[in-house]
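The values are calculated or read from the model by the stated rules, or taken from the named source; none is laboratory data. A quick note: this is a predicted structure, and the numbers were derived from the prediction, not measured. Reconstructed Cβ throughout: ideal geometry from the backbone, glycine too, with neighbour counts over all protein chains shown.
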Amino acid sequence: MDNEIVKVVTKVATVLTEGNASSVPRLDGVVIGVIMSFTANGRPLVAFPGNQSDIGIEANSTTVFEHNDIGCQVALLFEGGDPQRPIVIGRIQHPEEIVQSRQQKNSAELDGERLEFNAEKEIVLRCGKASITLTRAGKVLIKGTYTLSRSSGVNRIKGGSVQIN
């Protein structure tokens, strides 16, 4: 009886092995790929060594990407080892990009209560001929073709010296 079970198991294993030989090879482990573009619904199209698509293969992702991420390297896994079902598990970080992002400490924070912009040198808000500039030295420059200052309470002008005209 044991010999018959071994024969059946061996035959099933042979059939499964032969069936896999004709199918697409499995991709196990992490593969490095590149984001080629995005679909209309925002999913990344990725290319990787051995893929069969010229435009990239639509991938699921564990992270959110933006259009400026096109061309970046990403780490990929594949559902069930199927190369037609990639999952982006993250962006590959390069040391020079990390250093550059640390040097550019420009940021904007929004918490629902307050909007804060931070910059190393200056912040400029511009619309047409009007602008407000904040400098590192502490200057606030307001420029426009027409400037109005209105207050329902006290409207004070204070400074080391005040020049009007």
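Data table
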read-out	value
Any hit, region 102-117, residues being outside the structural domain of Phe48 (by TED's automatic domain parsing), at pLDDT 90 or above, on the phi < 0 side of the Ramachandran plot and exposed (fewer than 10 other Cβ atoms within 10 Å of the Cβ)	no
Complete set of residues in region 123-145 that are among the charged types (D, E, K, R) and under 24 Å from Gly160 (Cβ atoms)	Arg136, Lys139, Lys143
Options Val46, Val64; residue that is of a type in the set (Val, Ile, Thr), assigned to a strand (DSSP E or B) and in the same structural domain as Gly90 (by TED's automatic domain parsing)	Val46
Positions within region 67-87 being among the aliphatic types (A, V, I, L, M), part of a strand (DSSP E or B) and either touching a residue at least 60 places away in the same chain (Cβ under 8 Å) or under 12 Å from Ile35 (Cβ atoms) (or both), in sequence order	Val74, Ala75, Leu76
Scope region 122-153; condition outside any strand (DSSP E or B) and surrounded by 10 or more Cβ atoms within 10 Å (Cβ to Cβ); matching residues	Arg136, Gly144
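Here's the yes/no breakdown for (1) at pLDDT 90 or above; (2) in contact with a strand residue (DSSP E or B) (Cβ under 6 Å, 6 or more places away or on another chain); (3) surrounded by 16 or more Cβ atoms within 10 Å (Cβ to Cβ):
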{"position": "Leu45", "(1), (2), (3)": "yes, yes, yes"}
{"position": "Gln52", "(1), (2), (3)": "no, no, no"}
{"position": "Gly56", "(1), (2), (3)": "no, yes, yes"}
{"position": "Asn60", "(1), (2), (3)": "yes, yes, no"}
{"position": "Asn68", "(1), (2), (3)": "no, no, no"}
{"position": "Ile89", "(1), (2), (3)": "yes, yes, no"}
{"position": "His94", "(1), (2), (3)": "no, no, no"}
